[in-house]
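Comments concern the structure below.
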Amino acid sequence: MKTHILLTGSSRGIGAATASLLGNDVRVTLVGQGTRSGIPADFTDPAAPQQLWQQALDALDGRIDVVINNAGIFEANPLDAEHDDWVEGWERTMRVNLTASAELCRLAVRHWQERKSGGRIVNVASRAAYRGDSPAHWHYAASKAGMVGMTKSIARGYAGEGILAFAICPGFTMTGMAEDYLASRGGDKLLADIPLGRVASPEEIAAIAKFCALDAPPSMTGAVLDANGASYVR
Ligand SMILES: NC(=O)c1ccc[n+]([C@@H]2O[C@H](COP(=O)([O-])OP(=O)(O)OC[C@H]3O[C@@H](n4cnc5c(N)ncnc54)[C@H](OP(=O)(O)O)[C@@H]3O)[C@@H](O)[C@H]2O)c1
């Protein structure tokens, strides 16, 4: 029986690498904002996560075994913006990065409880959850710290029902999200802070996501896996 996976943010970057690494042993439903085949979902729309869940269930014969919450945004929100604009920027990042993931986690947990089947959640958070981020990215760090707290709560709450939850905290990873940021911070100088001497590749993060989705032993539930070239060791 193939594992049924709902993977968000699959159109590019880490999500696209994860989709190709998962291969043919699983049935994956891809989610992007419509830039690639799969179910389009724009998480700035509060109705989107629930609609997506239903559409994904329909596409996967009513059974989802794994949810990988990977979609995310990294938008600058300068402190000196107009107050209302700053609040809007905060809420937009929270909605896309945290609230949409939370809704999918909730729907997944309830689905697995009803089916008495167990299941796995993989939340792609960030090094920023622990280390914090730049002055223009309070919201990003807070959204990812929220994901980590939520993951641990799910792991503790439902392990006895076979529902497992993992979080991944990548450092800089060479995708569209990091490229502009790296360039704006003078690339090489930033690399000097990474003992490994380079940023992560999307394929490296995808390998961790695949492991958590399919193979990680149940006793690992609640684990937060760092992948940052030792740039932040905790
Ligand atoms: N790259 C890094 O350095 C890094 C570091 C730490 C953590 N992360 C985390 O890793 C995850 C993937 O990042 P990435 O670097 O692969 O990002 P990316 O290349 O920018 O891709 C982001 C993905 O999220 C989707 N997405 C963006 N806004 C969305 C929305 N409103 N509704 C639904 N989907 C939306 C995009 O879909 P469309 O293509 O349709 O827009 C795309 O598939 C994110 O959660 C990010 O926070 C990344």
key: Reachable aspartates and glutamates, given that their alpha-carbon falls under 20 Å from the alpha-carbon of Lys210 and they are not under 8 places away in the same chain   = Asp25, Asp65, Asp226
remark   = The value for the stretch 81-188 (convex hull of the alpha-carbon atoms, volume per residue, Å³) is 110
Relative contact order %, the stretch 75-234, counting alpha carbon pairs below 8 Å whose residues are six or more apart = 25
remark   = From the Cα centre of the stretch 33-87 to that of the stretch 165-183, the distance in Å is 18
inquiry  = If packing is taken as the average count of other Cβ atoms within 10 Å, what order do 79-90, 170-181 fall into, highest mean first?
reply    = 170-181, 79-90
task = Quick one: what are the phi-derived ³J(HN,Hα) couplings along the stretch 126-132, Karplus 6.51/-1.76/1.60 with θ = phi - 60°, whole Hz, x for glycine and proline?
result = 6, 3, 4, 4, 9, 8, x
request  = Can you grab the distance from the C-alpha centre of the stretch 186-218 to the C-alpha centre of the stretch 111-140, Å, no decimals?
outcome  = 16
task = Search the structure for amide H atoms under 5 Å from the amide H of Thr3, placed 1.01 Å from N in the peptide plane, and list their residues when 5 or more places away or on another chain.
result = Arg27
request  = Between Lys189 and Asp215, take the C-beta separation as r, use R0 = 45 Å, and let me know the FRET efficiency to the nearest 0.05.
outcome  = 0.75
query = Once both labels are modelled 7 Å past Cα along the beta-carbon direction, what's the Ile73-Trp86 spacing in nm?
reply = 1.9
query = Per residue, how much accessible area does the chain show when a 1.4 Å probe rolls over the protein heavy atoms, in square angstrom?
reply = 47
task = Pop a pseudo-label 7 angstrom from the Cα along the beta-carbon direction at both Arg198 and Lys2 and give the gap in nm to one decimal.
result = 3.3
task = Would you look at the GNM of the chain, springs on alpha carbons closer than 10 Å, and say which of Leu182, Leu98, Leu164 moves the most?
result = Leu182
note = A 1.4 Å probe over the protein heavy atoms gives the chain a carbon and sulfur accessible-area percentage of 50
note = Dividing the surface of the Cα convex hull of the stretch 96-155 by four yields a projected area in nm² of 4.0
request  = Could you list the residues of the stretch 56-88 with an amide nitrogen less than 16 Å from a label point located 7 Å from the Cα of Ser134 in the Cα-to-C-beta direction?
outcome  = 73-81
message = Show me the ranking of peptides 3-15, 192-204 by mean Cβ neighbours inside 10 Å, starting with the highest.
response = 3-15, 192-204
request  = Kindly point out which whole DSSP H helices in the chain project their C-alpha atoms 20 angstrom or further along the helix axis while averaging a Kyte-Doolittle hydropathy of -0.5 or above.
outcome  = 138-158
Gain on full stretching of the segment that runs from Gln54 to Glu179 - 0.36 nm per residue minus C-alpha separation = 41.6 nm
key: Evaluated over the stretch 1-129, the Cα radius of gyration and Dmax, each in Å   = 15.4, 54
query = Which log10 I(q)/I(0) values, to two decimals, does the chain give at q = 0.10 Å⁻¹ under the Debye formula with one point per Cα?
reply = -0.43
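The values are calculated or read from the model by the stated rules, or taken from the named source; none is laboratory data. The structure displayed is predicted, hence computed values, not measured ones. Here Cβ is always computed from backbone atoms with ideal geometry, including for glycine, and neighbour counts include all displayed protein chains. The area values use the complete protein model at the heavy-atom level, side chains included, leaving out ligands, DNA and RNA. Shrake-Rupley method; radii C 1.70, N 1.55, O 1.52, S 1.80 Å.
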